[in-house]
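Enquirer: Input: one structure, supplied below.
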Amino acid sequence: PEGRFHLSQATLYLATAPKSNSTMGFFDALAAVEQEREAEVPTHLRDANRDKEGFGHGEGYMYPHAYRDHWVPQQYLPSFLQGKVFYQPGELGYESGVRVEVQRHREAQLAAMVEGEGLGPPEVLTFTGDLAGRARDQWLQRAVSGAGQRLAAQRDRVLAAAGLRRHHLALDLNASSGLLAWEALRRTPEGGVYALARTPQDAQALAEQAARLPDPERPMVLQGEIEDVPSAVGDLRFDAIVGRNALTRVPDKLAAARLLAALLVPEGVISLAEAVPRHTQRLYALIDLAPLGQPLASQLVAAEEVIYREAGDPMVNWDEEDLRAAFESAGLAPTLALEHTRSDLYVTPAHLARWFALSAESGRPSYAGHLQRHLDPAGLAAVEQAMAQQLANRTVPWASTTAYLVARLRQAAA
């Protein structure tokens with residue numbers, strides 16, 4: 001009989017608790033699972049005791065309770081369900097408290113999905129291959145590398161340096177994934193955010209996501225390159241200009257810095273996180289070169305280093321000091337800090353196939369496309385074989401460097 005007191009307490013709590021129809025997401029999820037019974041369990045969730053060596057089962061699993069907030073951006077659902085959202089927290093009661101945190105987690109995961117395989121975007125090399133196979137690999141790479149967590153940390157660092165206030169007007173220079181734009185919107189409810197997307201597809205995706213928000217909370221989506229912003233915004237000036245990898249592919253960084261300086265209000269600030277491709281991970285450093293023999297090993301090292309010394313390639317013909325010099329010459333007072341990170345990359349056979357495909361998806365050559373300029377066919381085949389033997393279905397360390405730049409107009413900084 002005493003148990004009835006507990007049941008009555010539970011009944012009273014449920015009767016008086018704020019109600020939400022977000023629980024309907026359960027039925028949507030159930031229907032989706034019932035309609036698809038053939039999906040495979042993600043590789044990192046499979047039994048590592050049976051097929052780890054041959055198929056990589058269990059490789060890259062992350063124990064959530066070993067991480068901050070007991071949460072990791074890890075795939076638990078089959079690939080066909082990735083990106084589908086079933087639960088939307090309401091605005092009342094407990095859900096109002098977790099709503100923003102759920103959104104921030106999802107935005108970091110989405111950015112990791114949009115930006116690729118955890119290799120430290122943007123990539124110097126262009127890889128080609130099976131798009132379906134790449135989609136199958138992407139969530140495993142994000143789980144192994146912790147890409148979602150790193151992107152969330154970059155977002156927080158860039159926006160903290162920008163010092164956004166409620167009334168500020170901000171410009172996101174590279175809003176393709178929405179990572180900075182959505183958080184900036186939350187921080188500037190009385191101001192606003194202009195979000196620049198480079199391609200029509202990215203602009204449409206942002207606009208579709210923004211359509212779910214009330215009109216006053218939507219970003220103003222722009223489409224084009226940085227040089228198109230002045231004509232799009234007219235006399236408008238910004239309290240903060242933020243971006244991630246916004247200048248990496250820009251050939252004339254001095255011109256870009258001058259343009260951004262002209263878009264600032266007198267007390268405005270520019271806060272950027274730029275991956276420095278010149279300092280990215282070298283593939284030859286991931287393997288034991290001895291089996292190749294000294295002549296071929298030396299040729300491989302030299303051939304790969306040439307990739308990162310191309311004077312005419314705007315992706316690699318600059319480093320952090322060139323970035324600082326461009327902003328100083330534009331009349332800005334920049335401060336710059338480097339962050340060197342090492343993450344994990346799980347190398348799948350699909351990776352190797354793309355690295356050594358001789359055709360590329362765009363104007364940038366693949367890894368093999370670069371190497372074949374310096375190695376004969378037999379040498380290239382030997383390198384491919386060595387990497388396949390030593391890297392396939394294994395997790396390797398991946399080094400990258402990010403330059404965090406904060407700049408103000410010189411007179412304001414003084």
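Enquirer: Mind giving me the nanometre distance, one decimal, between the label points for A381 and A353, set 7 Å out from Cα along Cα→Cβ?
Expert: 2.0
Enquirer: Going by Cα centres, region 237-314 and region 168-225 are how many Å apart?
Expert: 25
Enquirer: Students sometimes get this wrong: rank Y404, Y13 by accessible area, probe 1.4 Å, all chains present, largest first.
Expert: Solvent-accessible surface, decreasing: Y13, Y404.
Enquirer: State whether region 228-287 is rounded, prolate or oblate according to the following rule on the C-alpha gyration tensor (a ≥ b ≥ c being the square roots of its eigenvalues): a/c under 1.5 gives rounded; otherwise a/b larger than b/c gives prolate, and the remaining case gives oblate.
Expert: prolate
Enquirer: Right, next: Let's test the formula: R0 of 25 Å, r as the Cβ-Cβ distance of E208 and S20. What FRET efficiency results, to the nearest 0.05?
Expert: That pair, E208 with S20, gives E of 0.55.
Enquirer: Follow-up question, since we're still on this one. Can you tell me how much longer the chain between R373 and Q103 gets when fully stretched, taken as 0.36 nm per residue apart minus their C-alpha distance, in nm with one decimal?
Expert: Extra length from R373 to Q103 when fully extended: 92.5 nm.
Enquirer: Using label points projected 7 Å from each Cα along Cα→Cβ, tell me how many nm separate R157 and A10, to one decimal.
Expert: Label at R157, label at A10, 4.7 nm between them.
Enquirer: To continue, here is another question. Accessible area, 1.4 Å probe, largest first: how do R408, R278 sort?
Expert: R408, R278
Enquirer: Quickly work out the A29-to-Q390 label distance, labels modelled 7 Å from Cα along the C-beta direction, and quote it in nm with one decimal.
Expert: 4.4
Enquirer: Of all GluC sites (Glu not before Pro) in region 177-218, which ones are in loop regions per DSSP and have a Cβ with at most 15 other Cβ atoms within 10 Å?
Expert: Passing both the DSSP loop test and the Cβ count: E190.
The values are calculated or read from the model by the stated rules, or taken from the named source; none is laboratory data. If you're wondering where the values come from, they're calculated on a predicted model, not measured in any experiment. Every residue, glycine among them, receives a Cβ derived from its backbone with ideal geometry; neighbour counts consider all protein chains shown. Just so you know, the surface numbers come from the protein's heavy atoms only, side chains and all, with ligands and any DNA or RNA stripped out. Shrake-Rupley method; radii C 1.70, N 1.55, O 1.52, S 1.80 Å.
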